[in-house]
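All remarks here apply to the structure that follows.
The values are calculated or read from the model by the stated rules, or taken from the named source; none is laboratory data. Quick caveat: nothing in here was measured; it's all calculated off a predicted structure. Positions of Cβ are backbone-derived with ideal geometry, glycine not excepted, and every protein chain shown enters the neighbour counts. Accessible surface is based on the protein model in full, side chains and every heavy atom, while ligands, DNA and RNA are left aside. Shrake-Rupley method; radii C 1.70, N 1.55, O 1.52, S 1.80 Å.
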Amino acid sequence: MIIQALAFYLFAAVMVAAAAMVISARNPVHSVLFLILAFFNAAGLFVLMGAEFLAMILVVVYVGAVAVLFLFVVMMLDVDFAALRQGFLRYLPVGGAIGLILLAELVLVVGAWVASPEAAVGPIVPIPDPARVTNTHALGRILYTRYVFVFQGAGLVLLVAMIGAIVLTLRERVGVRRQVVADQIRRTRAESVELVDAPKRGGV
Amino acid sequence: MAEFWSGYALPGAIIVAQILVIIVPLLGAVAYLTLAERKVIAAIQLRKGPNVVGPFGLLQPIADGVKLLLKETVIPSGANPVVFVIAPMLTFMLSLIAWAAIPFDLGLVLADINVGILYLFAISSLGVYGIIMAGWASNSKYAFLGALRSAAQMVSYEVSIGFVIITVLLCVGSLNLTEIVLAQENMWFFIPLFPMFIIFFVSGLAETNRSPFDLPEGESEIVAGYFVEYSSMSFALFFLGEYANMILVSAMTSVLFLGGWLPPFDVAPFTWIPGPIWFAGKIGLCLFVFLWVRATMPRYRYDQLMRLGWKVFLPFSLFWVVLTAGVLMATGWVPR
């Protein structure tokens with residue numbers, strides 16, 4: 001038990017510190033790297049709770065894909081740090097309000113769960129015994145039965161976002177000669193090589 | 001105090017010993033893989049390869065290692081020193097920690113986690129960070145170009161690797177690596193899933209930045225890519241990490257498609273050989289193909305690389321996932 005408690009405090013402390021560094025680091029690339037550290041520690045906390053599938057998905061999706069693209073973009077941007085700092089006080093009330101609302105919501109959710117665990121869990125499907133059913137199976141069973149339409153809906157939203165991104169960035173350029181691999185493979189000797197009997201000193 | 005010894009110190013010491021038992025042979029294999037690469041390519045090109053240091057050049061890796069150790073570590077003045085130093089360490093560490101989940105025989109695994117294959121996938125998708133960080137922290141255009149190429153390439157090929165893994169998982173019904181191997185007792189998966197096997201192997205070449213997808217270090221265009229500015233041991237860590245990743249991808253190929261530690265036939269002369277040796281043999285076979293490809297294929301052009309990943313592998317592997325799921329449902333072969 002004591003090892004688990006130590007691990008929890010280690011992960012939690014590093015995560016909070018990394019999250020603080022995300023918003024306070026001067027260099028945006030360092031911010032993204034600290035964000036990745038925070039994701040990692042969140043995955044560690046998931047593992048400690050026995051949610052190994054979620055932990056791995058967090059690492060694969062957020063760290064392995066989303067944060068890579070983030071880092072990619074941030075590295076290419078030519079950011080003016082002074083300009084970034086200028087609006088800080090002006091945006092502080094709005095940002096602070098959003099943070100407070102999020103905090104209040106979290107307190108409500110966790111508070112309700114702590115106050116009466118039965119009431120919070122009651123209407124949902126009972127949690128299967130982790131000793132017999134693995135995480136992945138349990139998630140799959142609930143996701144593809146009870147919440148299948150919501151799940152499909154989420155997929156649809158992502159599809160729309162993807163198509164939107166393509167529509168926004170696609171540009172048709174004229175005069176570009178693209179390589180068509182099929183054409184190259186279909187070429188035969190007969191249509192691409194011609195033997196010419198050139199007369200001497202005459203040229204073709 | 002007694003509880004401390006039996007409860008924490010002893011298990012901790014056992015785990016450290018197990019880690020050493022995995023990592024020390026692995027590092028030896030990495031060192032000799034560099035020699036094997038030079039020897040194999042030399043044989044293909046009708047040369048002798050390294051043959052001066054020790055008998056048949058067998059001491060060459062040690063000489064190389066000592067040379068790298070004794071050189072000076074240079075940190076460029078314009079570099080970001082912290083990220084610059086962390087990047088090679090990260091690459092090397094990631095290539096080692098993935099081995100925790102690899103089963104060498106039935107029950108012979110450091111951490112038999114339920115989501116083993118996802119763990120491997122997650123770790124291998126992190127490999128790109130070492131490269132991006134190195135390219136950015138070097139503050140050099142060549143290094144940065146190499147890092148960008150590598151990032152785009154690894155993210156692209158990860159997608160098809162993910163679909164290949166899903167196909168295998170559909171046939172197994174578990175994410176545990178031991179169960180994936182045990183599911184292949186009757187037939188190794190490379191027979192029914194042959195196209196997926198090829199896609200996985202080729203994507204593995206791209207994921208480890210090996211030839212013919214070694215554009216991130218394309219020496220004819222961008223000198224050496226992301227590690228131009230690195231010297232001495234920091235360079236050696238990248239080098240070791242790349243080779244350890246090759247062995248890791250070979251091990252993943254063996255576990256997913258070639259039956260892990262299982263012998264090819266479950267009859268007498270094959271079953272006498274212990275499982276870890278079969279496993280090592282399969283890894284060796286995959287590694288040989290890695291080297292063979294390097295000696296044979298010219299480097300891809302960048303747009304061709306992207307075309308192959310997104311327009312060929314991705315649709316095909318997606319189609320194969322749907323096909324496999326359909327066949328499993330239609331025939332009632334769905335596991336469990």
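Some observations on this one:
- Computed magnitude of the charge dipole of the protein assembly as shown (debye, nearest 20; Cβ of K, R +1, Cβ of D, E -1): 1520
- Placing +1 on the Cβ of every Lys and Arg and -1 on the Cβ of every Asp and Glu, with no other charges, gives chain A a dipole of roughly 780 debye about its Cα centre.
- Projected label points at B:PHE265 and A:ALA104, each 7 Å from Cα along the beta carbon direction, are separated by 7.5 nanometres.
- Kyte-Doolittle mean at least -0.5 and Cα axial length at least 18 Å: DSSP H helices in chain B: B:10-44, B:81-97, B:116-137, B:141-172, B:194-207, B:232-257, B:275-296, B:314-331
- Accessible area of B:SER231 in the full protein assembly, 1.4 Å probe (Å², nearest 10): 30
- Relative contact order (percent, whole number), chain B, Cα cutoff 8 Å, 6+ residue spacing: 22
- A 1.4 Å probe run over chain A, with the rest of the protein chains in place, finds 79 Å² accessible per residue.
- Dipole of the protein assembly as shown, positive end: most advanced residue of B:PHE290, A:LEU33, B:ALA42 [Cβ charges, Cα centre]: B:ALA42
- Highest-first arrangement of B:322-330, A:134-142, where packing means the average Cβ count within 10 Å: A:134-142, B:322-330
- Separation between Cα centres of the stretch B:72-111 and the stretch B:261-293, rounded to whole Å: 27
- Cα-based radius of gyration of chain A once divided by 2.2 N^0.38 Å, which approximates compact folds: 1.69
- Here is what passes the span test in chain A: the DSSP H helices with alpha carbon length of 27 Å or more along the helix axis and a Kyte-Doolittle mean of -1.0 or above are A:2-24, A:28-48, A:88-115, A:148-169.
- The residues of the stretch B:120-141 occluded by other protein chains by 20 Å² or more of accessible area, set against the chain on its own, are B:PHE121, B:ALA122, B:SER125, B:LEU126, B:TYR129, B:ILE132, B:MET133, B:TRP136; surface from heavy atoms, 1.4 Å probe.
- Within the listed set B:GLY225, B:GLY107, B:GLY146, the Gaussian network model of chain B (springs between alpha-carbon atoms below 10 Å) gives the highest mean-square fluctuation for B:GLY107.
- Here the contact order of chain A, divided by its residue count and restricted to Cα pairs under 8 Å and six or more residues apart, works out to 12 percent.
- Residue order for B:GLU242, A:GLU172, B:GLU72 - accessible surface, 1.4 angstrom probe, largest first: A:GLU172, B:GLU72, B:GLU242
- A:ASP183-B:MET329 FRET efficiency (beta carbon distance; Förster radius 41 Å; 0.05 resolution): 0.60
- Total accessible area lost when B and A pair, probe 1.4 Å, Å² to nearest 100: 2300
- Rolling a 1.4 Å probe over the protein chains gives B:SER156 an accessible area of about 10 Å².
- The stretch B:226-309, relative contact order in percent, only Cα pairs under 8 angstrom and at least six apart counted: 25
- With all protein chains in place and ligands, DNA and RNA left out, the 1.4 Å accessible area ranks B:ASP214, B:ASP303, B:ASP105, A:ASP197 as A:ASP197, B:ASP303, B:ASP105, B:ASP214, largest first.
- In terms of distances greater than 31 angstrom between alpha carbons, the cross-link table entries B:LYS39/B:LYS71; B:LYS39/B:LYS67; B:LYS48/B:LYS71; B:LYS39/B:LYS311 yield B:LYS39/B:LYS311.
- Highest mobility in the GNM of chain B, judged by mean-square fluctuation with C-alpha springs under 10 Å and restricted to B:ILE15, B:ILE199, B:ILE180, is found for B:ILE15.
- FRET efficiency for the pair B:ILE273 and B:PHE319, taken as 1/(1 + (r/R0)^6) with r the Cβ-Cβ distance and R0 = 35 Å, rounds to 0.40.
- Value of [θ]222 nm, deg cm²/dmol, for the protein assembly as shown, DSSP H segments ≥ 4, -39500 (n - 2.57) each, nearest 500: -21500 deg cm²/dmol
- Look at where the Cα atoms of the stretch B:112-138 and of the stretch A:187-204 average out, and the two centres are 55 Å apart.
- Max mean-square fluctuation residue, GNM over chain A, Cα-Cα springs under 10 Å, options A:ILE57, A:ILE166, A:ILE185: A:ILE185
- Using a probe of 1.4 Å, the accessible surface attributed to A:LEU100 totals some 120 Å² when neighbouring protein chains are kept in position.
- The base-10 log of I(q)/I(0) for the protein assembly as shown, evaluated at q = 0.05, 0.08, 0.10, 0.13 Å⁻¹, reads -0.25, -0.64, -1.00, -1.64 [Debye formula, identical scatterers on Cα atoms, solvent excluded].
- The candidates B:VAL255, A:VAL174, A:VAL180, arranged from most to least accessible area with a 1.4 Å probe in the full protein assembly, appear as A:VAL174, A:VAL180, B:VAL255.
- For the stretch A:38-76 versus the stretch A:1-29, the inter-centroid distance based on Cα atoms is 14 Å.
- Carbon + sulfur, % of accessible area of the protein assembly as shown - ligands and nucleic acids excluded, 1.4 Å: 72
- Other protein chain C-beta atoms within 10 Å of residue C-beta, averaged over A:55-63: 5.
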